[in-house]
Amino acid sequence: MTPRTPLWLSHHWPEEYDRCVRIGDAHVCRRCVWFYSACFVTLGLDLAGIHWPGRLDPWVLWLASLPVVIEWWAEHMGWIRYSARRQIVTALIVGPAVGRGLGRYLNDHTDPLFWSVVLTFAVVCAIPFFLSRRGPEGSGGPGDATELERVDQ
């Protein structure tokens, strides 16, 4: 049995470590490596006052989120297979938008654009996550094992 990498580095189970990169002995989620790198660089620049014109924020924050949301839906619904390359590309598209959104949030914790994007896409992305977990009992499909059962395996 492959030892489990701490959750803060990879939220994937050992059977999904193909979705990770190895850094030392740890598996780190590939999407998160690219996403957070782009996000935090953009956030740092934003906090330093270097960003695209504010009038573009609604367009960038909403539209840059669409590719990763579409990919999330398609993969969780079984319409497409996992692709490391596609995951990196979508993470690099949405990362700067999230970085700018976080900059807006840090300047105003009630920023309506930030919260509308976050809440909308959180709900939209939760739908296929829960739909894909509804496999027939005992089918071996997604959702058969509970979190506790997986830990015991």
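The values are calculated or read from the model by the stated rules, or taken from the named source; none is laboratory data. On a predicted model such as this, the values are computed, not experimentally measured, just so you know. Glycine gets a Cβ as well: all are built from the backbone with ideal geometry, and neighbour counts include every protein chain shown.
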* Asked: Which condition number in (1) under 16 Å from the mean Cα position of the chain (by Cα); (2) over 14 Å from T90 (Cα atoms); (3) modelled with pLDDT of 95 or more is the one that P58 fails?
  -> (1)
* Hits in segment 46-71 (condition: hydrophobic (A, V, I, L, M, F, W, C) and in contact (Cβ under 8 Å) with a residue 40 or more places away in the chain) -> L47, W52, V60, L61, W62, V69
* To do: Tell me, please, whether a residue that is in contact (Cβ under 8 Å) with a residue 12 or more places away in the chain, assigned to a loop (DSSP other than H, G, I, E, B) and within 24 Å of L119 (Cβ to Cβ) can be found in segment 79-87.
  => no
* Structure fact -> In segment 34-71, anything surrounded by 15 or more Cβ atoms within 10 Å (Cβ to Cβ) and either farther than 16 Å from V117 by Cα or hydroxyl-bearing (S, T, Y) (or both) is listed as W34, F35, Y36, A38, T42, L43, L45, D46, H51, S65, E71
* Any residue in segment 48-61 that is assigned to a helix (DSSP H, G or I) and in contact with a Lys or Arg (Cβ under 6 Å, 6 or more places away or on another chain)? -> no
* Asked: What do you reckon, is G140 surrounded by 10 or more Cβ atoms within 10 Å (Cβ to Cβ), more than 16 Å from I70 (Cβ to Cβ) and modelled with pLDDT under 95?
  -> no
* To do: With respect to W73, determine if the residue is at pLDDT 90 or above, within 30 Å of R104 (Cα to Cα) and aromatic (F, W, Y).
  => yes
